[in-house]
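**Q** This is the structure, below, for whatever I ask next.
What follows draws every value from the coordinates through simple rules; no lab data is involved. All figures in this text were calculated on a predicted structure; none of them were measured in a lab. Every residue, glycine among them, receives a Cβ derived from its backbone with ideal geometry; neighbour counts consider all protein chains shown.
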Amino acid sequence: MIYADYNGSAPLCREVIDYLKDRLENGPYSNPNAIHHLGQKTKMAMENARAVCAKAVGAKPKQIIFNSGSTEGISQVFFSLLYGKIKSGKNLIFISGIEHAAVINCAKFYSEDQGYEIHVIPTLPNGQCDTEALSKMMKENAGKVAMVAVMAANNETGVVQPYKEIGQICQEAGTPFVCDTTQYIGKTAFNFSESNIDFAFVSGHKVGAMTGAGFILAKDHSQLRPLVIGGGQEKELRGGTQNYIGFETIAVAMDTFEKKKEKIQKLQESRLAFEKKLKEKYPVVIMGDDAPRLGGTTFISYPGIHGQAVQIELETSDIYVTTSSACSDNEPTTSKVLKAMGVTEDVGRGAVRISLGPCSPEDAYDRIYDALIKAYEKLGKIKSY
């Protein structure tokens, strides 16, 4: 079996599994907010996890607020920056056209509920946000922009965005820059202190840790307001007893990534060789081919052959891919990300996303190549659409 949907959710890495076996067997278990010995021991392990995560992403421990994952984090940051603040005169939200649904739907909510105007930053054909257009938009709307939201790497194409440049533009305008780093952190090197980002996000299940655990990276956490009201946990910014074991697994996964960075480079080399072979054999289109991309992500289309049909054929070979993001995989249409890039319908409907990670089998791309060739040969004889 080859699991090729790391961008959807990474499997638990071996180090996390080994850690959990020992952790679940030996404890301790307690409320980390209790003042007795077991509570303090549990809290110490959680705070150590915070320090490990901070070191891995180039941040300070106090800049990390643990939560359930990126969707919650994005919701909290939008709430903190926008709710009840439109009277300040800053009534515009700038987002890119390739954002995850968590960002898009938050923007829509505050547009409908609070009256903010959403302005979409154009996307270049290579899948990157148009920074020249953003710069012009910021100047034309000086003093009116409440926030800018552009992701660090796209979940479908793997295209890496010029987030440092975007952050610089925002800094010069005095506008908060919210960057969805869910697909970026844990897949390539990242340093929060050098990123020009005000708010970033991590979901444990994207980095080989447990689901339901993640954190916000906040340059200045005093700008945050609690979305979950409770007993004052996480600097009074996220109520509820903490998922301390989940947070510990993120630390294990992040530490493991730091030790396996060389595998990311090898993964990228294998991906490039895989793509080159495919392009030599078939008239395939690789989304974001001429842009920097994550090491293990290929979003590929054979025009005229439906992506879902390819997905089904690969699954018969025990290879698991998707046709877009997990949030819209069941929609047999060209994704909004590809539409923002100007991709035509015949190409967009044929797209299949292949995403691997450092724990994938070394021969994964060879096996996927063979299965794809068989699928294309079979489906090429059938008119898909």
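**Q** Report the net charge of residues surrounding ILE197, where surrounding means a beta-carbon distance below 13 angstrom and charges are Lys +1, Arg +1, Asp -1, Glu -1.
**A** Details: positive: LYS164, LYS219; negative: GLU165, ASP180, GLU194, ASP198, ASP220.
So the environment of ILE197 carries a net charge of -3.
**Q** Please check which bits of the range 181-223 a label hung off SER88 would reach, taking the label as a point 7 Å along Cα-to-C-beta and the cut-off as backbone N under 13 Å.
**A** 222-223
**Q** Mind checking which of ALA189, GLY240, PHE177 is farthest towards the positive end of the range 14-258's charge dipole, using Cβ charges of +1 (Lys, Arg) and -1 (Asp, Glu) about the Cα centre?
**A** The residue sitting most towards the positive pole is GLY240.
**Q** Once you charge only the Cβ atoms, +1 for Lys and Arg and -1 for Asp and Glu, what is the size of the charge dipole of the range 14-258 about its Cα centre, to the nearest 20 debye?
**A** Values: 23 positive and 25 negative charges, 112 e Å.
Roughly 540 debye for the range 14-258.
**Q** Between exposed trypsin sites (Lys or Arg not before Pro) in the chain, where DSSP calls loop and at most 12 other Cβ atoms lie within 10 Å, what's the longest gap? Intermediate values should be presented prior to the final figure.
**A** Numbers: sites that count: LYS381, LYS383.
Maximal segment without exposed cleavage sites: 1-380.
**Q** Could you give the length gained on full extension between ALA133 and ILE382, defined as 0.36 nm per residue of separation minus the Cα-Cα distance, in nm? Please list the in-between numbers first.
**A** Details: separation 249, 0.36 × 249 = 89.64 nm, distance 4.24 nm.
Taking 0.36 nm per residue and subtracting the Cα distance, the gain is 85.4 nm.
**Q** Compare the Cα positions of ILE368, ALA351, GLY295 along the charge dipole of the chain (+1 at Cβ of Lys, Arg; -1 at Cβ of Asp, Glu; about the Cα centre) and return the one farthest towards the positive end.
**A** GLY295
**Q** Taking each pair of distinct Cα atoms in the range 234-368 once, what is the resulting Kirkwood hydrodynamic radius in Å? Working shown, then result.
**A** Working: mean 1/r = 0.0590 Å⁻¹.
Evaluated over the range 234-368, this radius sits at 16.9 Å.
**Q** So what's the Cα pair-distance distribution over the chain, bin width 10 Å, in %?
**A** So the P(r) values, bin by bin, are 5, 23, 30, 24, 13, 3, 0.
**Q** Using a Gaussian network model of the chain whose springs link C-alpha atoms within less than 10 Å, name the residue from GLY27, GLY348, GLY304 with the highest mean-square fluctuation.
**A** Ranking GLY27, GLY348, GLY304 by mean-square fluctuation puts GLY27 first.
**Q** A further question on this structure: Please report the Cα spread of the range 183-298 along all three principal axes, rounded to whole Å, starting with the longest.
**A** Principal-axis extents of the range 183-298 (Cα, largest first): 60, 27, 24 Å.
**Q** How many percent of DSSP beta bridges within the range 14-258 run antiparallel, rounded to 5?
**A** On the way: 11 of 24 bridges.
In the range 14-258, approximately 45 percent of DSSP beta bridges are antiparallel ones.
**Q** If you keep only loop residues by DSSP, which chymotrypsin sites (Phe, Trp or Tyr not before Pro) in the range 1-86 have at most 15 other Cβ atoms within 10 Å of their Cβ?
**A** Working: sites: TYR3, TYR6, TYR19, TYR29, PHE66, PHE78, PHE79, TYR83; in loops: TYR6, TYR29, TYR83.
Taking the range 1-86 and a limit of 15 other Cβ atoms within 10 Å, the loop chymotrypsin sites (Phe, Trp or Tyr not before Pro) found are TYR29, TYR83.
**Q** May I have the count of lysine pairs in the range 239-379 with C-alpha atoms under 18 Å apart, counting pairs 8 or more residues apart or located on different chains? Please report the intermediate quantities before stating the final value.
**A** Values: LYS266/LYS276; LYS266/LYS277; LYS276/LYS374; LYS277/LYS374; LYS279/LYS374; LYS279/LYS378; LYS281/LYS374; LYS281/LYS378.
The result is 8.
**Q** Under a 10 Å cutoff between Cα atoms, tell me which one of GLN171, GLN311, GLN128 has the largest fluctuation in the Gaussian network model of the chain.
**A** GLN171
**Q** Among ALA273, PRO11, ILE312, whose Cα lies farthest out toward the positive end of the dipole of the chain, if unit charges sit on the beta carbon of Lys, Arg (+1) and Asp, Glu (-1)?
**A** Farthest along the dipole direction, towards plus: PRO11.
**Q** Let me have the 222 nm mean residue ellipticity of the chain computed from DSSP H runs of 4+ only, each contributing -39500 (n - 2.57), with the sum over all residues rounded to the nearest 500. Can you show the working numbers first?
**A** Details: 13 runs with 157 residues, N = 385.
Taken over the chain, the calculation gives -12500 deg cm²/dmol.
**Q** Counting pairwise Cα distances across the range 22-157, what percent come out greater than 22 angstrom?
**A** Within the range 22-157, distances greater than 22 Å cover 55 percent of Cα pairs.
**Q** A follow-up question, please. Report the residue, chosen from SER195, SER222, SER70, that carries the largest GNM mean-square fluctuation when the chain is represented by alpha-carbon nodes joined by springs under 10 Å.
**A** Among SER195, SER222, SER70, the largest mean-square fluctuation in the Gaussian network model of the chain belongs to SER222.
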